[in-house]
Amino acid sequence: MSSATLRARRRLVLALVAVALVAPVLLAGARWPSWWAWIAPEQTPMTWLQSVALVLAAAAALLSAHVLRLAVPYTATDDADGVDGADPTNRGATSGAAPWRLLAAGLAALAIDERFALHERVRDGVLAPRDVTVPFLPWVGPGDFLLLAVGVVGLAALPMVWRAIGPDTGARRALLAGVALAIVAVGMDSIDPSTWTTRAERIEQTAEEVIELGSALALLAAVTLRLLGLLDTSAADTPPEHRPPRGAAATADRTASQEPVTPQG
């Protein structure tokens, strides 16, 4: 992996860690002494930030799928035939792009749910009034099992995503961190706080939202780190004669193209 890509990966991780640490402090301070107001409830700046992180992760997953679809081995016959690469319509089947498309769809669905509080609306408007519960989960309040079901689906898809990420150690570590934080957040969300004091409920819900933000940012890091790795590999595999000019050569090409043509005769 090139030094430029390694630097970009380090900067990405540092930036996302900074967001995870600084954003909750800023949101709490902005509404102090009601420090929970922009964090604990739904449809607040905190949930907006979570949805943005998930949308960006979905976009990065789609870009990864696109890069994989276009990444075909370069052969000498391409130049002989006057064609750069294979027919794009034949690239999708074995490129490994399908898991990334599924991941993008899942992340986008989570972002929509986070932004518009869909599962909370179903819980409060449909399930909770009918006292729908899961008998073998006594600590879960009526309707609070929806995210648990989503979590089970996510864990079932984890091996597929793990294989798609491949040997990228940094991306795999970020993925494990995101999954671990998501498990904690889903577990906290499933607890019924109806018997708690208002202060205890605010603390628990604030902690849950902060952990959810950390999970979304970790998933964004995992997908983007892998995307950077794919782009680095794609650039390294591009033949020199097919690469755009850089540095002095690029400047010379631009200067030559801008010089006026002097009429002859």
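Bear in mind that the values in this text are calculations on the coordinates, not laboratory data. All figures in this text were calculated on a predicted structure; none of them were measured in a lab. Cβ coordinates were reconstructed from backbone atoms using ideal geometry, including for glycine residues, and neighbour counts include every protein chain displayed.
Within 15 Å, Cβ to Cβ, of Leu175, how many net charges do the neighbouring residues add up to if Lys/Arg are +1 and Asp/Glu are -1? Summing Lys and Arg as +1 and Asp and Glu as -1 gives +4. Counted residue by residue at 0.36 nm each, then reduced by the alpha carbon distance between them, the extension gain from Glu204 to Thr233 reaches 6.1 nm. Each other residue within a Cβ distance under 14 Å of Ala222 adds +1 if Lys or Arg and -1 if Asp or Glu, for a net charge of +4.
Cα convex hull, the stretch 8-57: 63 Å³ per residue, rounded to a whole number. Net charge of the neighbourhood of Ala53, taken over other residues with C-beta under 10 Å away and scored Lys/Arg +1, Asp/Glu -1, is -2.
Taking θ as phi - 60° and the Karplus parameters 6.51, -1.76 and 1.60, the scalar couplings of the stretch 14-23 work out to 4, 5, 5, 4, 4, 4, 4, 8, 7, 4 Hz in sequence order, x denoting glycine and proline. Shown in residue order for the stretch 194-201 are the 3J(HN,Hα) couplings computed by the Karplus curve 6.51 cos²θ - 1.76 cosθ + 1.60 at θ = phi - 60°: 4, 9, 8, 6, 4, 5, 5, 5 Hz (x for Gly and Pro).
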